[in-house]
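Comments concern the structure below.
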Amino acid sequence: MTPVGSSRPSWWLLTGPSVILLLIWMIGPLAGALYFSFVRKNLMNPRLSGFVWFDNYINLLLDPVFWTSILNTLVLVGSVLAITVVAGILLALLMSEEFPGRSFARLLAISPFFVMPVVAALVWKNMLMHPVYGILSWVQRSLGLPVTDWFQDYPMTAIILIISWEWTPFAMLVFLTSLQSMPEEQREAARLDGAGPLQMFYRIILPHLGQAIAAVLMIECIFFLSIYAEIFTTTSGGPGTATTNLVYVIYKRGFNEWNYGSASAGGIYAVILANIVAFFLIRLIARNMKNQETWK
Amino acid sequence: MTAPHHSRARRWIITVVGHLVALLMFFPILWMVLTAFKAEIDAFTTPPELVFEPTLRSFRDVFARGDYGTFALNSIIAAVGSTAIALVVAIPAAYRLAFFPTARTQFTLLWMISTKMMPAVGVLLPVYIFFQWTGLLDQVVGLMMIYTLMNLPLAVWMLYTYFREIPYEMLEAARVDGAGLGSELRHILIPTAMPGVASTALLCTILAWNESFWSLQLMNVQGATLATFISSFKAAEGMFWAKMSAASVLAIGPIIAIGWLAQKQLVRGLTFGAVK
């Protein structure tokens with residue numbers, strides 16, 4: 001498809017500004033982070049300086065707190081991914097059924113996704129999970145159960161619950177979109193073959209959702225690797241290091257211990273981790289783009 | 001096919017379960033809204049009070065804090081300003097990519113999307129130091145710049161997909177009639193793509209408004225946004241729950257409304273077309 005009777009408008013004038021801005025945004029800070037990760041720079045001890053090769057990287061690997069934070073990150077990301085995908089599929093199946101007031105129910109169900117993380121964290125911590133005045137403790141007491149002090153005894157679980165609440169609507173919304181594109185004949189054929197609801201789910205619906213599930217997993221993964229606000233407003237990484245994830249370690253290295261070198265090396269580890277996921281995500285997007293081109 | 005009475009029972013169950021689950025998901029927000037209309041003393045009781053005398057006191061208290069206006073204004077400047085700039089930069093780019101595709105187009109789009117996958121914390125220090133040097137620290141303009149760059153790939157991508165849906169013949173016909181680029185934009189592209197541009201703007205606004213990593217790290221007093229303001233309640237163990245709720249309702253109310261409007265377009269923007 002080539003335009004008739006007109007020359008192409010200038011790439012530099014139209015696409016150029018976006019590309020140049022993003023190029024600066026991508027290269028500048030990353031170059032800075034790489035530079036700081038190879039030098040000794042600590043504001044608490046400004047006389048120390050100089051190029052130290054991989055010392056910052058190695059010191060992090062030798063630091064048990066770093067490994068705790070990696071483990072915490074994996075637990076946090078893995079749990080929230082599992083919860084949001086399973087809950088998202090169930091919610092999407094429910095909300096794709098026809099029932100009176102469905103669009104209203106959908107609006108209510110997607111709302112948590114639009115809540116600012118700071119607000120979500122504070123509302124859950126104080127008004128829902130507070131051991132004395134929280135709704136959950138009241139429910140537990142009414143049922144005669146022992147009361148849970150969430151942020152004292154199960155801090156990681158509490159944070160996982162909050163973030164799952166925020167992100168389940170996103171998964172639901174994506175799965176709803178995917179379910180809508182499912183050909184009705186496929187379901188009809190399976191029904192004629194005498195497939196029960198469970199068979200229908202495993203044989204028809206789940207395979208159809210496959211790509212949507214992959215997309216949700218990867219997109220959420222990239223967001224979850226940068227979780228910060230929810231931890232900052234509830235536990236500040238504690239008690240001890242129970243909820244310290246990689247982001248939080250980097251933040252503390254940089255702005256509590258003023259060790260810029262170590263923080264930057266941690267940052268580069270985070271970039272590497274995110275890029276592993278991003279690689280697969282970009283491949284999926286590229287494949288879809290190509291399919292779309294041939295389809296058009 | 002099952003018997004009619006059976007499917008009627010099923011429909012009833014689904015209706016009830018559907019609304020119950022929706023209410024359960026919405027409950028934390030509902031509870032926050034209720035608490036915002038309580039007096040401080042009613043907000044902090046055991047068992048929690050469902051029946052209370054509603055009051056606007058907490059809202060008045062929040063507004064009475066002289067700096068509330070500053071926080072709200074900063075949030076608006078950062079979110080709306082960054083969205084406007086991102087659109088101005090992205091519309092020409094998306095136009096060129098959508099209507100004059102070359103062998104490089106797909107690569108350009110994918111590369112733009114990939115810049116969005118950089119974890120913010122990875123570049124926290126260099127950005128912080130850069131802001132320190134240039135005096136952008138605690139200046140809302142700096143935050144607006146970051147949000148513009150953060151949303152730019154998303155805006156280009158979304159606009160690109162909307163532009164691709166415009167039938168090419170329409171543009172061709174206009175060109176045969178001798179319309180220049182300017183009138184092509186004015187008479188064909190902007191009117192047909194308006195819904196797409198609007199949903200792109202809404203999604204960028206939502207993401208910038210709710211962003212909290214950069215605003216908590218880089219803004220402090222002068223440039224602080226609502227996220228910083230609300231996080232200042234984190235130490236107030238039970239003392240200001242009604243005020244905290246009122247401030248939160250004010251902060252998330254408009255954005256939930258925007259989210260409801262944009263819900264159908266959200267998936268397109270957030271999954272970069274990975275889901276059909």
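The values are calculated or read from the model by the stated rules, or taken from the named source; none is laboratory data. All values derive from a computational prediction rather than experimental measurement. In this analysis, Cβ positions are derived from the backbone assuming ideal geometry, glycine residues included, and neighbour counts consider all displayed protein chains. All accessible areas refer to the heavy atoms of the entire protein, side chains included, with ligands and DNA or RNA removed. Shrake-Rupley method; radii C 1.70, N 1.55, O 1.52, S 1.80 Å.
Plugging the Kirkwood radius over Cα pairs into Stokes-Einstein for chain B, at a temperature of 4 °C and a viscosity of 1.567 mPa s, what D comes out in µm²/s?
Answer from the Stokes-Einstein relation: 59 µm²/s.
So what is the diffusion coefficient of region B:77-131 in µm² per second by Stokes-Einstein at 20 °C and 1.002 mPa s, using a Kirkwood Rh over Cα pairs?
Estimated via Stokes-Einstein, D reaches 158 µm²/s.
Counting other Cβ atoms within 10 Å, which trypsin sites (Lys or Arg not before Pro) in region B:27-100 have at most 14 and lie in a DSSP loop?
B:Arg65
Kindly provide the Kirkwood hydrodynamic radius of the protein assembly as shown in Å, to one decimal, from all pairs of distinct alpha carbon atoms.
25.6
Given +1 on the Cβ of Lys and Arg, -1 on the Cβ of Asp and Glu, and no further charges, what dipole in debye does the protein assembly as shown carry about its Cα centre, rounded to the nearest 20? Walk me through the numbers on the way to the answer.
On the way: 35 positive and 29 negative charges, 146 e Å.
Its charge dipole is roughly 700 debye.
List the extent of the Cα atoms of region A:53-295 along each of their three principal axes, largest first, rounded to whole Å.
Principal extents (largest minus smallest coordinate, Cα): 65, 55, 27 Å.
Could you run the Karplus curve 6.51 cos²θ - 1.76 cosθ + 1.60 with θ = phi - 60° over region A:260-275 and give me ³J(HN,Hα) per residue in whole Hz, x for Gly and Pro?
Coupling constants for region A:260-275: 5, x, 5, 4, 5, 4, x, x, 5, 4, 4, 4, 4, 4, 5, 6 Hz.
Provide the per residue accessible area, probe 1.4 Å, for region B:66-271, rounded to a whole number of square angstrom.
Details: 7300 Å² over 206 residues.
Accessible area per residue: 35 Å².
With +1 on each Lys and Arg Cβ and -1 on each Asp and Glu Cβ, and nothing else charged, work out how big the dipole of region B:66-271 is about its Cα centre, in Debye to the nearest 20.
240
Could you derive backbone 3J(HN,Hα) for region B:37-54 from the dihedral phi with the Karplus parameters 6.51, -1.76 and 1.60 (θ = phi - 60°), listing whole Hz in sequence and x where the residue is Gly or Pro?
9, 8, 6, 3, 6, 7, 6, 10, 10, 9, x, x, 8, 9, 9, 7, 8, x
Heads up, I need the accessible area for A:Leu21: 1.4 angstrom probe, whole protein in place, Å², nearest 10.
70
Tell me which of A:Pro207, A:Met116, A:Leu192 sits at the most positive position along the dipole axis of chain A, charges placed on C-beta atoms (Lys, Arg +1; Asp, Glu -1).
A:Met116
Given a cut-off of under 8 Å on Cα pairs at least six residues apart, what relative contact order in percent is computed for region A:1-87?
Reported relative contact order: 14 percent.
Taking 8 Å as the Cα distance limit and 6 or more residues as the minimum spacing, I'd like the relative contact order of region A:189-296 as a percentage.
22
Quick one: putting +1 on the C-beta of Lys and Arg, -1 on the C-beta of Asp and Glu, what dipole do you get for region B:153-276 around its Cα centre, in Debye to the nearest 20? Intermediate results must be reported in sequence, preceding the final value.
Values: 8 positive and 7 negative charges, 61 e Å.
Dipole size: approximately 300 debye.
Can you give me the angle between helix B:82-99 and the longest principal axis of chain B, using Cα atoms only, in degrees from 0 to 90, rounded to the nearest 10?
30
Exposed loop GluC sites (Glu not before Pro) only (DSSP loop, at most 15 other Cβ atoms within 10 Å): please give the longest stretch of chain B free of them, not including the sites.
The longest uninterrupted stretch comes out as B:50-164.
Excluding same-chain pairs closer than 8 in sequence, count the lysine pairs in the protein assembly as shown whose Cα atoms lie under 18 Å apart.
Within the protein assembly as shown, the lysine pair count is 8.
Would you please calculate the Kirkwood hydrodynamic radius of region A:70-143 over all C-alpha pairs and express it in Å, rounded to one decimal? Mind dumping the intermediate values first?
Details: mean 1/r = 0.0666 Å⁻¹.
It works out to 15.0 Å.
Order B:Ile91, A:Ile20, most accessible first, counting only protein heavy atoms with a 1.4 angstrom probe.
Ranking B:Ile91, A:Ile20 by accessible area, largest first, yields A:Ile20, B:Ile91.
Using a 1.4 Å probe over the heavy atoms of the protein chains, calculate the carbon and sulfur portion of the accessible area of region B:122-217 as a whole percent.
Carbon-and-sulfur percentage of accessible area, whole number: 67.
Accessible area lost on pairing B with A, both sides, 1.4 Å probe, Å² to nearest 100?
Summing both sides, the interface buries roughly 9600 Å².
Taking θ as phi - 60°, what are the ³J(HN,Hα) couplings along region A:87-103 by the Karplus curve (6.51, -1.76, 1.60), each to the nearest whole Hz, with x for Gly and Pro?
5, x, 5, 4, 5, 5, 4, 5, 7, 8, 6, 7, 8, x, x, 5, 5
Quick check for you: with a 1.4 Å probe and neighbouring chains kept, what is the accessible area per residue of chain A, in Å²?
I get 46 Å² per residue for this part.
Once amide H atoms are placed 1.01 Å from N in the peptide plane, what residues at a sequence separation of 5 or more from A:Val39, or on another chain, have their amide H within under 5 Å of its amide H?
The list, which skips near neighbours in sequence, is A:Val52.
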